[in-house]
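Trainee: Quick one: the structure is below, questions incoming.
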Amino acid sequence: MNIPFRVMPSQINESLFSHNDGEALTRELSIKKVEKVLEGFKNHPPKWICGADTVIAIKSKIFGKPKNREEAADILGALSGRKHKAITSVALYKDHEKKIDCRTSCCTVNFASLSNAEIDWYLDTNEWQGVAGAYRIQGLASCFITHIEGSPSTVVGLPLRDFYVMLRDNGYPYGC
């Protein structure tokens, strides 16, 4: 999208937040990430701050980032042969209005049935580390996806069309 940006990890402890509702959880976390980064700019905040969070959900079971290989294996086993939702919320702070706009995007992902050998193979790649649901759709886990309804960028963690519209709706100076 040719938008200049700087990555600033919020350093919030995501494990302190819990909900049975993936949309509520991602909204809360994305807003908290923006607020935490904003705290570091007491007098001169940037014009824009964006925070995002993604979870994977099967009914009321929410999967965030696995803590270790064993948990990642359990998550992949739970996703195997099933349909799940990827939920990403994006929060956008606008300095000129001093407010945060937050929007949520969801898509449905169908996983193929995975053998234990396939799960072990994927875990050996280490792609499962640091990502919700223990898989990266933009990486080797794309081999496991049989069908997706919605935007793959929602699963990646930044729904690009929705983010573009959000920026446009909030007056981002495209073309200026």
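Trainee: Taking only Cα atoms, what is the 0 to 90° angle, nearest 10, from helix 69-79's long axis to the longest principal axis of the chain?
Mentor: The angle comes out near 80 degrees.
Trainee: Looking only at C107, C50, C143, which one moves most when the chain is put into a Gaussian network model with springs between Cα atoms under 10 Å?
Mentor: Of C107, C50, C143, the Gaussian network model singles out C143 as fluctuating most.
Trainee: What value, in deg cm²/dmol to 500, does the helix sum -39500 (n - 2.57) over DSSP H runs of n ≥ 4 give at 222 nm once divided by the residues of the chain? List each step's numbers first, then the result.
Mentor: On the way: 5 runs with 54 residues, N = 176.
The helix contribution divided over the chain gives -9000 deg cm²/dmol.
Trainee: Nearest 10 degrees, 0 to 90: what angle lies between the long axis of helix 116-125 and the longest principal axis of the chain (Cα atoms)?
Mentor: Tilt of helix 116-125: around 40 degrees.
Trainee: Suppose a student asked you for the relative contact order of the chain, using Cα pairs under 8 Å spaced at least 6 residues apart; what percent would you report?
Mentor: For the chain, the relative contact order is 21 percent.
Trainee: What number, in percent, do you get for the relative contact order of the stretch 1-87 if the mean sequence gap of Cα pairs under 8 Å and at least 6 apart is divided by its residue count?
Mentor: Details: 76 pairs, mean separation 24.3, N = 87.
Relative CO of the stretch 1-87 lands at 28 percent.
Trainee: Now, a different point. What does the extension gain come out to for C143 and H44, with contour length at 0.36 nm per residue minus their alpha carbon separation?
Mentor: Working: separation 99, 0.36 × 99 = 35.64 nm, distance 4.55 nm.
In short, 31.1 nm is gained.
Trainee: Of the listed values [x] 140; [y] 120; [z] 105, identify the label whose number matches volume of the Cα convex hull per residue in Å³ calculated from this model.
Mentor: [y]
Trainee: Something else now. Residue by residue through the stretch 149-165, which ³J(HN,Hα) values in whole Hz follow from phi under the Karplus form 6.51 cos²θ - 1.76 cosθ + 1.60 (θ = phi - 60°), with glycine and proline marked x?
Mentor: 10, x, 7, x, 5, 5, 5, 4, x, 8, x, 4, 4, 5, 5, 4, 4
Trainee: Given the pairs K59/K94; K67/K98; K32/K61; K59/K98; K47/K83, which span a C-alpha to C-alpha distance of over 30 angstrom in this model? Mind showing how you got there, number by number?
Mentor: Values: K59/K94 34 Å; K67/K98 35 Å; K32/K61 22 Å; K59/K98 36 Å; K47/K83 39 Å.
The answer is K59/K94; K67/K98; K59/K98; K47/K83.
Where a number appears in this text, it was derived from the coordinates with a stated rule and is not lab data. Model, not experiment: these values are computed from the prediction.
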